[in-house]
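The values are calculated or read from the model by the stated rules, or taken from the named source; none is laboratory data. Quantities reported herein were computed from a predicted structural model and do not represent experimental measurements. Here the Cβ is made from the backbone with ideal geometry for all residues, glycine too, and neighbour counts use every protein chain on show. For accessibility, only protein heavy atoms count, side chains too; no ligands or nucleic acids. Shrake-Rupley method; radii C 1.70, N 1.55, O 1.52, S 1.80 Å.
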Amino acid sequence: MYRHGTSLLKLSRESARGATGIVELGIGIPNSIGIDAIGGYNINHWLFLGAGVGYNTQIRFGSTHDKNDWIVPIYGNLQVNFGAKYITPYVSTRIGYDMNQSELYTGLEFGTRIRTTNSRRGTSWWVGTKSEHLGSELYSILLTAGKSF
């Protein structure tokens with residue numbers, strides 16, 4: 001990883017350029033649970049571009065699951081932070097393709113970033129609300145919590 005005393009991959013300090021990863025868990029309506037992993041690059045303290053993959057399943061009690069009960073989207077992600085304070089609102093958009101349903105996947109998320117300062121790099125917790133769509137149909141609405149590193 002090191003060449004002549006410098007790292008080939010610069011990890012972000014939350015307010016500077018660099019690579020960042022985000023892991024996110026969501027619980028939602030109607031009875032769904034989802035997880036996402038996003039990797040990307042902080043252009044600056046307010047703009048993040050990345051790509052991600054997710055898994056979301058509908059929880060059914062007392063019945064069998066079928067192909068329509070889960071999605072596996074692969075998507076591009078654009079996130080805008082409105083400021084560089086310790087508590088900052090954000091909006092995130094996603095567009096991609098669902099591998100299970102073979103349909104267009106879109107997502108829109110609103111929330112708040114809560115920065116922590118006790119680590120050397122600086123990391124954040126993310127709390128928000130996300131809506132996911134397959135084609136023109138609403139698939140789920142999730143309350144999300146995530147961690148960047």
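Here are the numbers:
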quantity: Condition check for ARG60: in contact with a helix residue (DSSP H, G or I) (Cβ under 9 Å, 6 or more places away or on another chain) and modelled with pLDDT under 85; calculated: yes
quantity: Filter result for THR106 (at pLDDT 95 or above and open to solvent by 30 Å² or more (accessible area, probe 1.4 Å)); calculated: yes
quantity: Some residue of region 59-70 being closer than 19 Å to SER32 by Cα and among the β-branched types (Val, Ile, Thr); calculated: yes
quantity: Qualifying residue in region 67-90 (condition: open to solvent by 90 Å² or more (accessible area, probe 1.4 Å), at pLDDT below 90 and touching a helix residue (DSSP H, G or I) at 6+ places or on another chain (Cβ under 7 Å)); calculated: no
quantity: Within region 52-66, tally of residues that are small (Gly, Ala, Ser) and surrounded by fewer than 15 Cβ atoms within 10 Å (Cβ to Cβ); calculated: 2
quantity: Selection within region 113-134 - modelled with pLDDT of 90 or more and open to solvent by less than 50 Å² (accessible area, probe 1.4 Å); calculated: GLY128, LYS130, SER131, GLU132, LEU134
